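S.K.: Have a look at this one.
The values are calculated or read from the model by the stated rules, or taken from the named source; none is laboratory data. Being a predicted model, the structure only gives us computed values, none of them experimental. Here the Cβ positions follow ideal geometry from the backbone for every residue, glycine too, while neighbour counts run over all protein chains shown. Areas reflect the complete protein model, heavy atoms only, side chains present, ligands, DNA and RNA absent. Shrake-Rupley method; radii C 1.70, N 1.55, O 1.52, S 1.80 Å.
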Amino acid sequence: MATELQHPDPMPCHNQQVNAASTPSPELLRPGDLLPDQTGGNSAAETKLTLLTGHAHSSVAAEWGFQKCGPASLNSESTGDTANCCNYDAPAGDSFLGDCELSPQIGSQLKLLPMNDQIRELQTIIRDKTASRGDFMFSADRLIRLVVEEGLNQLPYKECMVTTPTGYKYEGVKFEKGNCGVSIMRSGEAMEQGLRDCCRSIRIGKILIQSDEETQRAKVYYAKFPPDIYRRKVLLMYPILSTGNTVIEAVKVLIEHGVQPSVIILLSLFSTPHGAKSIIQEFPEITILTTEVHPVAPTHFGQKYFGTD
């Protein structure tokens, strides 16, 4: 767990208010569902959820008309219709599976981990008010690790050749250099260890954003990044996306430091439809990776994880 920060240097703040939260249907959004338009009615802003690639059985994909996608990365260019396809590892007969038509405004930028019983159990424990803090933290750390691992899979790799102990030449891949993490304090710090467990030497910056007592708008109080962050791909860590205001302010600070939204991957555990839509409408090139989009987010996450509830 990160140590307490010293007195922060002053940072410019932004006081742009995002539209008020909507009141979508209480049903759980799943792959193929539409994100509701906040202004009411159907519009081009509505989109279907995108599933991460590489998880579909060929029989299921054929039955539902899915196309297989290649691995996504920040240095890859989409060609043809393959950018707007999705795969899902699910048994035949799941009624929520529909076509994979995606809105170019949001759909291709919002990615969900493929749902399975393991992930659903972890989500259930995290949402359960009767769960002990030990069980909560254990489940949260497991879910964080899954999200981090898939986030790393979105980063660019390059081919390499290694020699095995028996002298065999093996063609493999390795990460391209130039990645870093940025956690939005305080709850984002819960994800730092999961990232370090996967990338021991990765640089991690921090942003502290809190609501202004008078205006209730998100305000930046502290920011510290690697000096060459403008050259890096950024894994932005924030577990709960409720309104999206905090993340929007964090991305603005990163842009001020030379980071392009197209190289930012937002790692999140839970998101509301409004939160995801607000972020992508503000920054259409950002990528959001999460496990669930649901109208009710477990906003108690930070307090329970750090024992301040």
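S.K.: Out of segment 157-182, which residues are under 20 Å from Leu254 (Cβ atoms), open to solvent by less than 50 Å² (accessible area, probe 1.4 Å) and free of Cβ contacts under 8 Å to residues at least 60 places away in the same chain?
M.R.: Gly178, Asn179, Cys180, Gly181
S.K.: So if I check each of Asp141, Asp128, which one is at pLDDT 95 or above, surrounded by 11 or more Cβ atoms within 10 Å (Cβ to Cβ) and within 16 Å of Gln303 (Cβ to Cβ)?
M.R.: Asp128
S.K.: Report the residue count in segment 111-151 for those that are among the acidic types (Asp, Glu) and either touching a residue at least 40 places away in the same chain (Cβ under 8 Å) or touching a Cys at 6+ places or on another chain (Cβ under 7 Å) (or both).
M.R.: Selection size over segment 111-151: 3.
S.K.: Looking at segment 257-272, which of its residues are open to solvent by 30 Å² or more (accessible area, probe 1.4 Å) and either touching a Gly at 6+ places or on another chain (Cβ under 9 Å) or not small (Gly, Ala, Ser) (or both)?
M.R.: His257, Gln260, Val263
S.K.: Looking only at segment 233-256, filter to residues that are at pLDDT 95 or above and part of a loop (DSSP other than H, G, I, E, B); which one of those is most open to solvent (accessible area, probe 1.4 Å)?
M.R.: Checking each candidate, the answer is Tyr238.
S.K.: Search segment 189-204 for residues that are in contact (Cβ under 8 Å) with a residue 24 or more places away in the chain and pair each with any residue that is open to solvent by 40 Å² or more (accessible area, probe 1.4 Å) and not in a loop (DSSP other than H, G, I, E, B) when their beta-carbon atoms are under 6 Å apart and the residues are at least 6 apart or on different chains.
M.R.: Gly194/Arg145
S.K.: What's the number of the condition Asp197 fails, among (1) touching a strand residue (DSSP E or B) at 6+ places or on another chain (Cβ under 9 Å); (2) of a type in the set (D, E, K, R); (3) open to solvent by 30 Å² or more (accessible area, probe 1.4 Å)?
M.R.: Asp197 satisfies every listed condition except (1).
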